[in-house]
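The values are calculated or read from the model by the stated rules, or taken from the named source; none is laboratory data. Please read these numbers as outputs of a predicted model, since none were measured by experiment. Cβ atoms come from the backbone with ideal geometry, glycine included; neighbour counts cover every protein chain shown.
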Amino acid sequence: MNVSIKDIAQAAGVSHSTVSRALADNPLISAAARQRIQALAGQMGYVPNAGARGLVLGRTMTIGVVVTTIADPFVAEVVQGIESTAHAHGYSVILTSSDNDPEREAQSVEMLRARRADAVIVASSRIGDLYQDDLQETGVPVVLINSHNDQGSAQVVSISVDNRHGGTVATQHLLRLGHRRIAYIAGLPGHSDDGLRCTGYQEALRDAGVAFDEQFIIAGDGRASGGERALASLLALRPRPTAAFCYNDMTAIGLLAAAQRAKLDIPRRLAVVGFDDIPFAALLHPALTTVAQPKHELGRRAVERALALLAGDGEQPDHLSLQGQLIVRESSGARASEKVKRSAT
């Protein structure tokens, strides 16, 4: 026989609504009561029915996710974190891709709202920078990943790796290896994460007493093709950079591929550092030094923030930042491993 919420309520000596709220992690129910009721439900063999639960809560039990492209390994790992966490809480995921078009991203958010998604997560995009007014009008909780909520909306919150910190530690690593002419290969313009990584790069140079040279910022697009094109720009500079910090690993992969075709010795003639630590990074030759993002954790935390907003938790900060970890491999020319502790701030 299936165990119902009514059965749990009778066993716990509470109302049906109290059980429903406890099982939904509603903060209106005390933590002790939630734990007691959830433990009792587990002991009784209660299995939630997503459809029935949605009717009780007035929800569709779906979370919409907008990503730039599913072809990016970084995005794929974040989505895995989203899906596994959503599933554990009885939610399904609707995934849509914008192909790096911010207008399409905004349309995707509106489409998900029209399909009555209970919450929307937008990963690695410019939508948080360009369309925050529109996001506040969707009427559902929105969580931005690697973009900032700058307007203090109660329904729009954000989470990201500390991009500024990551740019700083990547550049400091190259400075410690003796490099003074360090280029930054950028991502697409308009992305806040690109701007913050570049800021960290410039601050590390300044703190080391190294003059910032604007010509050492090379245009990229966040893809391998952008990294490939960047090599010609690097080689044309005088004096030529001896190291490059790349916006992301895909950019670094393209740069390494172009360098190999040009028979440019990496890292002896050009040290390279990426950002993300996608699975391919450790398999390259030479293996890529990079700043690892807590990708699965970003996805997990994004879902948890969305569910907390749905439960009426108004005490969440507008933005949550996680620190990355420097992973040292052969592409930067370092032999000794360095680690930067990862923590939430």
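Look through the range 243-265, keep the residues that are surrounded by 23 or more Cβ atoms within 10 Å (Cβ to Cβ) and among the polar types (S, T, N, Q), and return whichever of them is farthest from Cys198 (Cα to Cα).
For the range 243-265, the residue satisfying everything is Thr251.
Please go through the range 1-25 and pick out each residue that is buried (at least 19 other Cβ atoms within 10 Å of the Cβ) and in a loop (DSSP other than H, G, I, E, B).
Ala24 - this is the single residue of the range 1-25 that is buried (at least 19 other Cβ atoms within 10 Å of the Cβ) and in a loop (DSSP other than H, G, I, E, B).
Can you list residue pairs whose Cβ atoms sit under 6 Å apart, with the first residue in the range 164-190 being in the same structural domain as Ile253 (by TED's automatic domain parsing) and the second being modelled with pLDDT of 95 or more and among the basic types (Lys, Arg)? Count only pairs 6 or more apart in sequence or on different chains.
What qualifies is Gly167/Arg197.
Here is a yes/no grid of residues against (1) in contact with a Cys (Cβ under 6 Å, 6 or more places away or on another chain); (2) surrounded by fewer than 20 Cβ atoms within 10 Å (Cβ to Cβ); (3) modelled with pLDDT of 90 or more:
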site: Gly51; (1), (2), (3): no, yes, no
site: Leu57; (1), (2), (3): no, yes, no
site: Thr68; (1), (2), (3): no, no, no
site: Ala71; (1), (2), (3): no, yes, no
site: Val78; (1), (2), (3): no, no, yes
site: Ser84; (1), (2), (3): no, yes, yes
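Would you say Asp118 is more than 13 Å from Gly299 (Cα to Cα) and modelled with pLDDT under 85? Walk me through it before giving the result.
Numbers: more than 13 Å from Gly299 (Cα to Cα): yes; modelled with pLDDT under 85: no.
So Asp118 does not fit the description; no.
Tell me which residues, restricted to the range 286-323, are surrounded by fewer than 23 Cβ atoms within 10 Å (Cβ to Cβ), among the polar types (S, T, N, Q) and out of contact with any Lys or Arg (no Cβ under 7 Å at 6 or more places or on another chain).
Once the filter is applied, which keeps residues that are surrounded by fewer than 23 Cβ atoms within 10 Å (Cβ to Cβ), among the polar types (S, T, N, Q) and out of contact with any Lys or Arg (no Cβ under 7 Å at 6 or more places or on another chain), the range 286-323 yields only Ser321.
Thr171 fails exactly one of the following numbered conditions: (1) hydroxyl-bearing (Ser, Thr, Tyr); (2) under 16 Å from the mean Cα position of the chain (by Cα); (3) not in a strand (DSSP E or B). What is the number of that condition?
(2)
Would you confirm, using the coordinates I've provided, whether Asp221 is free of Cβ contacts under 8 Å to residues at least 40 places away in the same chain, part of a loop (DSSP other than H, G, I, E, B) and farther than 21 Å from Glu77 by Cα?
Working: free of Cβ contacts under 8 Å to residues at least 40 places away in the same chain: yes; part of a loop (DSSP other than H, G, I, E, B): yes; farther than 21 Å from Glu77 by Cα: no.
The answer is no for Asp221.
With respect to the numbered conditions (1) assigned to a loop (DSSP other than H, G, I, E, B); (2) farther than 22 Å from Asn100 by Cα, which one is the sole condition not fulfilled by Ala183?
If we test Ala183 against (1) assigned to a loop (DSSP other than H, G, I, E, B); (2) farther than 22 Å from Asn100 by Cα, just (1) comes out false.
Return a yes/no flag: does the range 220-230 have any residue that is over 26 Å from Asp101 (Cα atoms) and surrounded by fewer than 23 Cβ atoms within 10 Å (Cβ to Cβ).
Of the residues in the range 220-230, the ones over 26 Å from Asp101 (Cα atoms) are none.
Scanning the range 220-230 turns up no residue that is over 26 Å from Asp101 (Cα atoms) and surrounded by fewer than 23 Cβ atoms within 10 Å (Cβ to Cβ).
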